[in-house]
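Structure first, then comments.
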Amino acid sequence: MSELKSNAIPRGFRFGAVKAGLKASGRPDFALIVGDEPASAAAAFTSNRVIAAPLIVDKENLCATGGRVRVAAINSGNANCAAGEAGLRAARDTCAAVARTFGCRAEEVFPSSTGIIGIPLPAEKLIAALPELAASLGSEASDFSEAAHAILTTDLVEKMAFARLDLTGTDGAGSEVRGEIRIAAFGKGSGMIHPQLVPHAAPHAARHATMLVYVLTDAAIEPAVVDGYLRGQRGQLAHSRCRETLQSGFRQLQVVQIGRETGRGRKGRHDASVAIPGVRSGGRFVVHHIHVLAIPVQAD
């Protein structure tokens, strides 16, 4: 995506991707999204009764942190699904290694896997690749794009979406405060399998989808607010893009919104990360761009 500019990427995040040796093609297969600090997060997961190990760990971690994520660790080439206790160990070992690398809690890591089902995930390959991956992280558009491409599997087209939103409000003293929100998303998914999304604490149902989506914003949004938008919109944001009514036994869906908590704007000037009245309207804008991202998914 040559037209992608760095001023489209939300501030406060770094991205990277490397070849960990999971894909037979030899292409990059391990990506990271790293926040400068723990960020507000919410997620919706497949409601299928059989779910992959990373989703189990994700639910545990979101509950443990109250909706905070520092690092999203995403591998392709291996779904870490239907692998039993070995799959859970692999996901947790990866979280622990990522936490050591970035000096955060293991519970602040959000692991994801996509690819071949039923084969144990060789976590040692991901862990061995971490030093190189950590050293390669950057906040430029090219870094974002590399991470977005590394999570693709059978996809025929890339899936990225971007937006900027200018907001104006007043502070407690009545002075004008101006701010800009940046929103960026990437995902993977090819041939949706009738989604049925539920928040991480909801009971299981029968249907689900093959999709991973990550929506990032530098808006100041608390976890409860992010979760509220996601709960309110999940039916529309994925179900509206179904093209099949098949049900898959193992595939997974993860949607995460990470809202960086930012500081106050300064009087009478544009601040890159203001928290101002009206900033919550950006949440609806975030959800809209999941719809935008669903269009190329449907095209696949």
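In table form, for the structure just shown:
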{"quantity": "Virtual spin-label span in nm between ALA134 and GLU158, 7 Å along Cα→Cβ", "calculated": "2.8"}
{"quantity": "Those lysines that a straight Cα-Cα span of less than 16 Å connects to LYS188, excepting residues fewer than 8 apart in one chain", "calculated": "LYS23, LYS159"}
{"quantity": "Rg in Å to one decimal, and Dmax rounded to a whole Å, for region 86-136 via C-alpha atoms", "calculated": "11.1, 32"}
{"quantity": "In Å, descending, principal axis extents of the Cα set of region 27-146", "calculated": "38, 34, 24"}
{"quantity": "Nearest-0.05 FRET efficiency for ASP166 and ILE119, computed from C-beta distance (R0 35 Å)", "calculated": "0.15"}
{"quantity": "Extended-chain gain in nm, criterion 0.36 nm per residue less alpha-carbon gap, ARG231 and ALA24", "calculated": "70.8 nm"}
{"quantity": "FRET efficiency, 1/(1 + (r/R0)^6) with R0 30 Å, evaluated for ILE56 and GLU222 via beta carbons", "calculated": "0.75"}
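A short reminder: the numbers here are calculations on the coordinates, not readings from a lab. Because the structure is a prediction, the values reported are computed rather than measured. Counting neighbours? That spans all protein chains shown, and the Cβs are built from the backbone with ideal geometry, glycine included.
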